[in-house]
Amino acid sequence: MDKFSITGGVRLEGEIAISGAKNSALPALAACLLTADRVTLHRIPPVRDVGTMQKLLAHIGASVTHADGRVIVEAGAIRAPEAPYELVKTMRASSLVLGPLVARCGRARVSLPGGCAIGARPINLHVAGLERLGARVTQEHGYIEAEAPNGLEGAMFAFDRISVTGTEDLLMAAALARGETIIDNAAREPEVVDVAALLIRMGADIEGAGTSTIRIRGVAELHGAEHEIIPDRIEAGTFLVAGAITGGDLLLRNCVAEHLRALIAKLNQAGAEVTEPAPDTLRIRRPGKLRSVDVTTEEHPGFATDLQAQFMALMTQAEGIAIITETIFENRFMHALELARMGANIRVDGRQAIVAGVSRLSGAQVIASDLRASASLVLAALAAEGETIIDRVYHIDRGYEKIEAKLARTGARIRRIP
């Protein structure tokens with residue numbers, strides 16, 4: 001397994017171009033299964049999870065070609081409407097093909113998803129939605145099997161709890177269902193809006209994406225389309241924290257400030273300065289000391305759970321006590337123990353982490369437990385004295401495009417050890 005070697009203490013300066021959003025690319029690729037026509041997707045990030053999804057589409061029977069951030073999918077004939085465990089055991093997003101396959105083929109067999117060990121992401125929300133649309137769903141031997149031989153029927157469905165992938169899955173399935181579907185308590189994340197925009201380009205009739213109620217009027221078939229994936233707000237947020245934790249001056253290109261309002265507000269409260277010099281550009285500077293700021297993760301437009309670990313690393317360098325409350329996933333503080341190995345003063349109490357700063361971080365050998373935890377360790381290492389070795393960086397490769405190269409161009413002393 002690859003490792004990162006990072007020697008901290010360098011102030012980051014320069015520009016970073018933000019990649020397309022992994023969490024938009026994955027449902028967009030799954031949506032390509034809804035039509036036999038060609039779908040062209042631009043700004044697809046070449047990260048590990050996206051590569052896994054492309055392999056899954058090819059296994060199902062689609063033709064997948066990619067070059068220079070563009071992916072072309074033609075799912076003319078679906079040979080095998082299934083997602084085998086061997087292909088998807090490292091990826092949480094495998095459940096996203098469940099809705100499209102049932103809608104297009106009348107059946108699907110999808111392995112229960114793998115991926116990060118950060119707590120339950122219950123697929124029962126996907127299942128309940130598909131059952132409401134008329135699918136018969138069973139689970140055995142680690143697989144979800146769904147059948148709707150006569151097609152899906154529109155219905156009203158309210159999620160018990162907000163689910164991003166559940167909303168996306170049901171949205172895709174409802175696009176080909178007969179009649180009208182209303183999704184209540186829907187996720188409002190930018191990635192949901194993005195996949196809805198793609199589906200509309202493919203001929204779907206959708207209203208309300210980005211609100212808590214989405215209305216879909218099913219159509220008989222969808223057609224090909226061309227679509228550009230939105231920028232990755234989590235990658236952008238990670239680099240904003242990198243600028244703040246190193247006292248640097250970074251310019252981020254190709255990002256959407258509106259997607260990051262909650263983080264920007266907290267960074268400004270903490271003593272950083274985030275400005276918008278251009279519509280697709282953010283600048284982060286930290287002129288003085290950091291102040292501790294409390295954070296509670298929430299569904300969008302609240303503070304993203306995918307930025308919680310990174311913000312915790314930042315708070316180790318802030319004066320005072322910060323209380324970080326995690327409301328989305330019940331097991332997302334595993335990075336706290338690794339940060340403590342570097343000298344952080346963090347106490348975890350249930351769904352809260354109490355971070356006392358300013359901690360004098362020092363280089364150590366640490367292990368990444370999940371995608372965003374690995375990003376927090378990179379950030380801590382940038383601020384630490386001496387060398388940090390981060391093991392299992394395949395986690396970070398799942399969601400960040402060449403993070404070490406992007407950081408190195410701004411002055412970071414980081415290298416990959418094969």
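What follows draws every value from the coordinates through simple rules; no lab data is involved. Every value quoted in this text rests on a predicted model; they were computed, and no experiment measured them. Here Cβ is always computed from backbone atoms with ideal geometry, including for glycine, and neighbour counts include all displayed protein chains.
Couple of notes before you dig in:
- About the Cα centre, charge dipole magnitude for segment 327-418 (Lys/Arg +1, Asp/Glu -1 at Cβ), debye: 220 debye
- Residue with peak Gaussian network fluctuation, the chain [Cα springs, cutoff 10 Å], from Ile144, Ile44, Ile230: Ile144
- Rounded to the nearest 10 degrees, the angle from helix 164-175 to the longest Cα principal axis of the chain is 20 degrees.
- Against the chain, whose longest principal axis comes from its Cα atoms, helix 233-245 is set at around 0 degrees.
- Seen from all directions on average, segment 22-228 presents a Cα convex hull projection of 9.7 nm².
- The amide H of Ile367, built 1.01 Å from its N in the peptide plane, has Asp391 as neighbours under 5 Å, considering only residues 5 or more places off or on other chains.
- Per-residue Cβ neighbour rank within 10 angstrom, fewest leading, Arg372, Arg409: Arg409, Arg372
- Cross-link pairs beyond the 20 Å C-alpha cut-off, checked among Lys289/Lys402; Lys22/Lys89; Lys3/Lys289; Lys3/Lys266; Lys22/Lys55: Lys289/Lys402; Lys3/Lys289; Lys3/Lys266
- Bridge orientation summary for segment 308-392: considering DSSP beta bridges with both residues in this region, about 75 percent are antiparallel.
- ³J(HN,Hα), Karplus 6.51/-1.76/1.60, whole Hz, each residue of segment 19-28, x for Gly, Pro: 7, x, 6, 4, 6, 9, 4, 5, x, 5
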